[in-house]
Amino acid sequence: MAEETTLILFKPDAIKQDLVGTVLARYQAEGFKIRGIKMMALSDEILAEHYAHIAEMPFFPSVQGFMQETPVIALALSGENVIARVRDLLGPTDSKEAPAGTIRGDFGEKSADSKMRNICHASDSPEAAEAELKRFFNEGEVFA
């Protein structure tokens, strides 16, 4: 297994429900290390870049509106095989399909918005993690 660093975004639903500490504790219980953490409001530009794969879709304005309801917390997290392991801890993107014991299964919305209001975003590959970490953290904000 390789040492990796991934990006986690605590979404507005996690912020509103005061779940950041609870979810962060689950990551830390797995032995993952915090390498960077900050709260930030997301601009239209950063959201268009982050969601470039859906930015032209008719539902994108609702995603953008949701992600701007509150600031988000960006987290750089490292550990052995952290990318896959974090995604396993989160569960499926759709909270309605996420089993109990996963973060999304325990805390995600079970509504029509369950694919969007699902507590956290997590990078899905080493390439995505590298690009996303650069998008949300400036040079010198992720520590070894």
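Any read-out appearing in this document is the output of simple, stated calculations on the displayed coordinates, not a laboratory observation. These figures come from a predicted structure and were not determined experimentally. Methodologically, a virtual Cβ is constructed for each residue, glycine included, from the backbone with ideal geometry; neighbour enumeration extends over all protein chains shown.
Comparing Ser123, Leu133, Leu77 along the charge dipole axis of the chain, the residue lying farthest to the positive side is Leu77, per the Cβ-charge model.
Each Cα pair of the range 22-72 feeds into the Kirkwood radius, which the Stokes-Einstein equation turns, at 20 °C and 1.002 mPa s, into a diffusion coefficient of 166 µm²/s.
How large is the Kirkwood hydrodynamic radius of the chain, in angstrom, based on all distinct alpha carbon pairs? Kirkwood radius, the chain: 15.3 Å. Could you list, in their original order, any pairs among Lys110/Lys134; Lys11/Lys134; Lys33/Lys134; Lys38/Lys115 whose Cα atoms are separated by more than 26 Å? Among Lys110/Lys134; Lys11/Lys134; Lys33/Lys134; Lys38/Lys115, the Cα-Cα distance tops 26 Å for Lys110/Lys134. Over the residues of the chain, the helix contribution to mean residue ellipticity at 222 nm works out to -10000 deg cm²/dmol, using -39500 (n - 2.57) for each DSSP H run of at least 4. With a cut-off of 14 Å on the backbone N, the residues of the range 83-127 near the modelled label site 7 Å out from Thr22 along Cα-Cβ are 100-110, 118-120.
Put in line by how crowded their Cβ is, counting other Cβ atoms within 10 Å and starting with the fewest, Thr5, Thr93, Thr22 read Thr22, Thr93, Thr5.
Taking a sphere under 13 Å around the Cβ of His53 and counting the other residues whose Cβ falls inside, with K and R at +1 and D and E at -1, yields a net charge of -4.
Report the local net charge at Cys120: Lys and Arg +1, Asp and Glu -1, summed over other residues whose C-beta lies under 9 Å from its C-beta. Residues near Cys120 contribute +2 overall. Each Lys or Arg adds one and each Asp or Glu takes one away; over the other residues whose Cβ falls under 12 Å from the Cβ of Ala2, this sums to -2. Taking a point 7 angstrom from the Cα of Glu49 along the C-beta vector, which residues in the range 1-29 have backbone N less than 17 Å away? Once the point is set 7 Å along Cα→Cβ of Glu49, 7-9 turn out to lie under 17 Å by backbone N, inside the range 1-29. For the chain, DSSP calls about 95 percent of its internal beta bridges antiparallel. About the centre of its Cα atoms, the chain shows a dipole size close to 420 debye [charges on the beta carbon of Lys, Arg (+1) and Asp, Glu (-1) only; nearest 20 debye]. For the pair the range 83-144 / the range 1-60, the C-alpha centres are spaced 6 Å from each other.
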